[in-house]
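We did not get these values from a lab; they are worked out from the coordinates using the rules stated. For clarity, every value in this text was computed on a predicted model and none was experimentally measured. Reconstructed Cβ throughout: ideal geometry from the backbone, glycine too, with neighbour counts over all protein chains shown.
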Amino acid sequence: MLTVPDALAVHDLRKRYATDDALKGVSLTVGEGELVGLLGPNGAGKSTLVKIACGLVRPSGGSARVAGFAAGSRGANRALGYLAELFRFPDFLSADELLALHQRLVEGSGGAPERAELLELVGLAEVADRRVGAMSKGMQQRLGLAQAMIGSPRLLLLDEPTSALDPAGRRTVRELLEELRRRGVAVLLNSHLLSEVELVCDRVAIIARGEVVAAGAPAELSHAGGVEVETGAGVRRVPDARREDAPGLVRELVAAGEDVYEVRVLRSSLEDVYLEVVGGR
C-alpha cells in the first residue's frame, strides 16, 4: 500500500547563528488536512523553522521535508503556499491582477477560474477589480491568503494571518481554515492569538528557547483546575477536585443544608499552559 508522506516532516532540526542556537533539535509533523498551531515567544525559533521549511534558510543539522521533498527543492516549493506576517503587495495592481501575477510566478495553470474561486473563498469576489492600495488592511490580509493558495498547495505556512483582522474577519479566516481542512490542505499556523489557535487547530506545538516544550491537541494540553460550586452562601472552589468528585461535593453540601445553584468543572486554558511551559515570558 502506497504511503502518502506528511505535508511537513521536521526531524531533529537544528540551526546555529554564530554562537546562538536558534533551533536545538526540533521534531514536528503536519499530516494531510491537519491544522497545527505553532506557538512561542519572540526569539523562540518559530520564524527560523518556517524559513527553513520555505527553503529560505539552510539548517545546521537535521532535516525538513515538504510533501516528501527536501525543503527548498523545486518539488517542495511547488507543494507549499506561504503568507508572511509583514507582506506588501504592489498598490497599483487589482486583486485579480495580483493573483494572475502569482500564477505566472509559480507557473500555475489555473487561470481565471482559479482566481475567481480563490477570491470567492476569501470573500473578495465583489472587489476583484479594486486596486490593492484602495483596500483595507483586513482585505489585503485576505488577499494574501488567496495568493498563498494558488496552485492548490498541500501545505500552507501562515504567519499571523489574523493579526490585522477584526472579530468578523477572524471568523472568516477560521471558516476558511476549516474549509481547507475539508479539502485535505495542511496548515502550519504561526500565531500569538492563543484563543484563535485553541478554536481551530487540531494540534499545537509550543517552542521556547529553540526546543519543543509541549505538543498535543489543545484539550490534551489543558488539565483539571478544580471544581467550583455556587451555593446560597457564595461560591466555593475546591482546587484539587476533579469532574468525578463533583457529585459527592454536591451531596455533602446539600446534606449540610446548603442550596446549590451551579457546579463548574474548571480546566486550564491553552494560555495557562503556554505561560507555564515558557516560564511566563
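The fewest-to-most ranking of Tyr261, Tyr82, Tyr274 by surrounding Cβ atoms within 10 Å reads Tyr261, Tyr82, Tyr274.
Can you give the extra length, in nm with one decimal, that the chain gains between Glu271 and Ser27 once fully stretched, where that is 0.36 nm per residue apart less the Cα-Cα distance? Write out the running numbers ahead of the final one.
On the way: separation 244, 0.36 × 244 = 87.84 nm, distance 2.24 nm.
Difference between extended and current length: 85.6 nm.
Structural descriptor for the range 222-277: relative contact order 47 percent, calculated from alpha carbon pairs under 8 angstrom and at least 6 residues apart.
When each of Glu34, Glu220, Glu126 is scored by the number of other beta-carbon atoms lying within 10 Å, the sequence from fewest to most is Glu126, Glu220, Glu34.
Sorting Cys54, Cys201 from the fewest to the most surrounding beta carbons within 10 angstrom yields Cys54, Cys201.
Run the dipole for the chain about the Cα centre, Lys and Arg Cβ at +1, Asp and Glu Cβ at -1, nothing else charged, and hand back the magnitude in debye, nearest 20.
Roughly 1160 debye, rounded to the nearest 20.
One decimal place: the segment Arg174-Glu262 gains 28.5 nm when fully extended, by the rule 0.36 nm per residue minus the C-alpha distance.
Under 18 Å between alpha carbons: how many lysine pairs meet that in the chain, if sequence neighbours fewer than 8 apart on the same chain are excluded? Walk me through the intermediate numbers first.
Numbers: Lys15/Lys24; Lys15/Lys46; Lys15/Lys51; Lys24/Lys46; Lys24/Lys51.
Here the count comes out as 5.
Taking the Cα centre of the range 101-233 as origin and assigning +1 to Lys and Arg Cβ atoms and -1 to Asp and Glu Cβ atoms, the resulting dipole is close to 480 debye. Between Ser73 and Arg104, the modelled labels are 3.0 nm apart [label points 7 Å from Cα along Cα→Cβ]. Inter-label distance, Ser60 to Arg243: 4.4 nm, where each label sits 7 Å from its Cα along the C-beta direction. For the range 222-277, the alpha carbon convex hull comes to 74 Å³ per residue, rounded to a whole number. Mind telling me which of Leu93, Leu188, Leu177 comes out most flexible in a GNM of the chain, alpha-carbon contacts under 10 Å? So, out of Leu93, Leu188, Leu177, the one fluctuating most is Leu93. Just checking my list (i) 22.7, 75; (ii) 19.8, 73; (iii) 21.1, 71 against Rg and Dmax of the Cα atoms in Å computed from this structure; which label fits? Answer label, from the structure shown: (i). Taking every alpha-carbon pair under 8 Å whose residues sit at least 6 apart, the range 161-281 reaches a relative contact order of 21 percent. How high is the relative contact order of the chain, in percent, with contacts defined as C-alpha pairs under 8 Å that are six or more residues apart? Taking the mean separation of contacting Cα pairs over the length of the chain, I get 21 percent.
Among Leu189, Leu266, Leu180, the largest mean-square fluctuation in a Gaussian network model of the chain (Cα springs under 10 Å) belongs to Leu266.
Take peptides 6-15, 71-80, 237-246 and line them up by average Cβ neighbours within 10 Å, highest first, as a rough protection proxy. Don't skip to the end; give the middle numbers.
Details: 6-15: 20.6, 71-80: 18.0, 237-246: 12.9.
Averaged packing, sorted descending, gives the order 6-15, 71-80, 237-246.
Using packing as a proxy for protection, rank 36-47, 114-125 so that the peptide with the highest average count of other Cβ atoms within 10 Å comes first. Mind dumping the intermediate values first?
Details: 36-47: 21.2, 114-125: 18.0.
Top to bottom by mean Cβ count within 10 Å: 36-47, 114-125.
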